[in-house]
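**Student:** Sharing a structure with you now.
The values are calculated or read from the model by the stated rules, or taken from the named source; none is laboratory data. In this text, all values refer to a predicted model and were calculated from it rather than measured experimentally. Glycine also receives a Cβ, built like all others from the backbone with ideal geometry; neighbour counts cover every protein chain displayed. These accessible areas exclude ligands, DNA and RNA; they are computed on the full protein's heavy atoms, side chains included. Shrake-Rupley method; radii C 1.70, N 1.55, O 1.52, S 1.80 Å.
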Amino acid sequence: ALVKEACEPFDEIESATVDRLLGRIGDARIVLLGECTHGTSEFYRMRSHMTRALIERKGFSAVAVEADWPDAARIDDYVRHRDAPVRDWAAFARFPTWMWRNREMKGFVDWLRARNGGLPDAGRAGFYGLDLYSLFTSIGVVLDYLDDVDPATAAVARRRYGCLSPWESDPATYGYAALTERYRSCENEVVRMLQDLLAARLDLERADGERYFDAVQNARIVEQAERYYRLMYYGGPASWNHRDTHMFDTLQRVLEERGPGSRAVVWAHNSHVGDASATELGARGEINIGQLCRRHFGASAYAIGFGTHCGTVAAASDWGAPMEVKEVRPSHAQSYERICHDSGVARFTLPLRAEGAARTELLESRLERAIGVIYRPETELASHYFAAHLPRQFDEYVWFDETSAVTPLGSRELAGVPETYPFGL
């Protein structure tokens, strides 16, 4: 009853008013938009709707997403109308392909390109990836850059990065081999390569500042990914914390590159954008982007979570398995999701930052659902629920009682697009 009284209902996503939401966001520099699955159409469409308003009415200049940097750079080139060479690799072709190669995402990318088209370069909003899984793609980008600007250093880079080449088909295996000392660690080589690029900053930045920035970021990813794959085998929160810290550091570099006063929207899973210290994940030592943003930006970081009761979702049964459209089980009786469902309001936004009766009642620890790229409904309670304090985790909560799966892009929908189109075949 309190949720029903406090929430702001809406009908259709495209016509939902965001005026009051923008008022609550105020002058926040970072707005984090979550999702409780990696395959729900309504979440992508609502994030797009909110992000359009933040760009057009609040002057946000960067969209930073839970995706690999070099793949997102293909979108950035496209939406900012930059002359970019045709690459010999497809963007977002690594599992889970549906996470960004979907019809909902295409709609936002096309809108951003059209919106940027009538603006000077400095006024165009950019698109950036925060993640670190692109180990070998990033190596390729660094080598291509050095081949053009400094062939001698490119030769050195090939020798240093060659330490990792036996593991190109399965980078995680490298971490196991290095940990068990069956293979020497490549840490020194990748760190030295990054140091060399940073040492040459002034000369290279003068030649092409943005391309240099991209190359250095890819060199950082190689260094960070090499460490990540080694940390994976230690267990505990170390690899998770390393990844989210990297994503937060990348976000800060994007803001610095965009200039003083720049503002960014972050798209990532609830488990990344909600403050981890308000969940059982934090109790076992995990940190995340949302927590780091609150620590660094204070009230200038505004985190919005998303939830659903039932419907369908695009997900796999195992890592690397084919995508399936799966039925989402109705939410657990002791969960926040069930409270939202029992409110009887099909779609709403719920402010959580300001004190009020609803916030006070919701502060009690309850279950919250998280579905990633893998969904196992047969073990849902053990696999997909964790304890949380929702009003401490998020500043706002967006609810869709019933949701549907994203639609992956088919080859017919991509026929005839420019060769530089990020989702092209």
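**Student:** Just checking the chain: which Cys have no other cysteine's beta-carbon under 4.7 Å?
**Tutor:** Cys7, Cys36, Cys293, Cys310, Cys340
**Student:** Computing the accessible area with a 1.4 Å probe over protein heavy atoms, can you report the carbon and sulfur percentage for segment 189-296?
**Tutor:** Taking all protein chains in place, segment 189-296 shows 47 percent carbon and sulfur surface.
**Student:** To continue, here is another question. Subtracting the Cα-Cα distance from 0.36 nm times the residue separation, let me have the gained length for Thr420 to Glu14 in nm, one decimal.
**Tutor:** 143.3 nm
**Student:** Counting other Cβ atoms within 10 Å of each Cβ, which chymotrypsin sites (Phe, Trp or Tyr not before Pro) in segment 75-105 have at most 16 and sit in a DSSP loop?
**Tutor:** Trp89
**Student:** Working out 0.36 nm times the residue gap between Ser383 and Asp342, then minus their Cα-Cα distance, what length gain in nm do you get to one decimal?
**Tutor:** Taking 0.36 nm per residue and subtracting the Cα distance, the gain is 12.4 nm.
**Student:** Continuing with the same structure: Would you kindly find the accessible area of Ser15, with a 1.4 Å probe and non-protein molecules such as ligands, DNA and RNA excluded, rounding to the nearest 10 Å²?
**Tutor:** So the heavy atoms of Ser15 present about 90 Å² to solvent.
**Student:** Given a Förster distance of 51 angstrom, what is the FRET efficiency for Glu324 paired with Glu256, based on the Cβ-Cβ distance and rounded to 0.05?
**Tutor:** 0.80
**Student:** If I take the Cα coordinates of the chain and project them onto the principal axes, what are the three extents in Å, biggest first?
**Tutor:** 69, 54, 44
**Student:** Tell me, what ³J(HN,Hα) does each residue in segment 305-313 have, in order and in whole Hz, if you take phi through Karplus 6.51 cos²θ - 1.76 cosθ + 1.60 with θ = phi - 60° and put x for Gly and Pro?
**Tutor:** Using θ = phi - 60°, the values come out as x, 10, x, 8, 9, 7, x, 10, 8 Hz.
**Student:** I'd like the orientation of helix 135-149 relative to the chain: the angle between its Cα long axis and the longest Cα principal axis, in ° from 0 to 90, rounded to 10.
**Tutor:** Computed tilt is about 50 degrees.
**Student:** Can you give the % of DSSP beta bridges in the chain that are antiparallel, to the nearest 5?
**Tutor:** 40
**Student:** Please give the helix 238-258 orientation as an angle from the longest Cα principal axis of the chain, in degrees from 0 to 90, rounded to the nearest 10.
**Tutor:** Roughly 80 degrees between the two axes.
**Student:** Write down the accessible area per residue of segment 211-271 in Å², having rolled a 1.4 Å probe over the full set of protein chains.
**Tutor:** Accessible surface, normalised per residue, equals 33 Å².
**Student:** Can you list the trypsin sites (Lys or Arg not before Pro) in segment 274-349 that are in a DSSP coil and have 16 or fewer other beta carbons within 10 angstrom?
**Tutor:** Within segment 274-349, the qualifying trypsin sites (Lys or Arg not before Pro) (loop, at most 16 other Cβ atoms within 10 Å) are Arg284.
**Student:** Which angle from 0 to 90°, rounded to the nearest 10, does the C-alpha axis of helix 103-117 make with the longest principal axis of the chain?
**Tutor:** On a 0 to 90 degree scale, this one is about 70.
**Student:** I've got another one for you. Counting only protein heavy atoms and using a 1.4 Å probe, what share of the accessible area of segment 1-141 belongs to carbon plus sulfur, as a whole percent?
**Tutor:** That fraction is 47 percent.
**Student:** Please find the FRET efficiency linking Arg284 to Glu402, where r is the Cβ-Cβ separation and R0 is fixed at 30 Å, and quote it to the nearest 0.05.
**Tutor:** After rounding to 0.05, the efficiency reads 0.40.
**Student:** Write down Rg/Rh for segment 51-124, rounded to two decimals, with Rg from the C-alpha atoms and Rh from the Kirkwood relation over Cα pairs.
**Tutor:** Here Rg/Rh amounts to 0.96.
**Student:** Something else about it: In whole Hz, with x marking every Gly and Pro, tabulate ³J(HN,Hα) for segment 338-352 from phi via Karplus 6.51 cos²θ - 1.76 cosθ + 1.60, θ = phi - 60°.
**Tutor:** Coupling constants for segment 338-352: 5, 4, 5, 4, 5, 5, x, 9, 6, 9, 7, 10, 10, x, 10 Hz.
**Student:** Another one. How much of Val63 can a 1.4 Å solvent probe reach, expressed as accessible area in Å² and rounded to 10?
**Tutor:** Spelled out: Val63, probe radius 1.4 Å, area about 0 Å².
**Student:** Rounded to whole Hz and in sequence order, give me ³J(HN,Hα) for segment 68-85 from the Karplus expression 6.51 cos²θ - 1.76 cosθ + 1.60, θ = phi - 60°, writing x for Gly and Pro.
**Tutor:** My calculation for segment 68-85 gives 5, 4, x, 5, 5, 4, 5, 5, 4, 4, 5, 6, 9, 6, 9, 6, 10, x Hz in order.
**Student:** Ala316's amide H: which non-local residues (gap 5+, or another chain) put their own amide H closer than 5 Å, with H modeled 1.01 Å from N in plane and none for Pro or chain starts?
**Tutor:** The answer is Glu324, Ile374, Tyr375.
**Student:** Right, here's the next one. Around Val65, which amide H atoms from residues at least 5 apart in sequence, or from another chain, sit under 5 Å from its own amide H, with H modelled in the peptide plane?
**Tutor:** The list, which skips near neighbours in sequence, is Tyr128, Gly129, Leu130, Trp267.
**Student:** If you don't mind, another one. Cross-link partners among lysines for Lys106, C-alpha distance below 30 Å, same-chain residues fewer than 8 apart left out?
**Tutor:** Lys106 reaches Lys58, Lys326.
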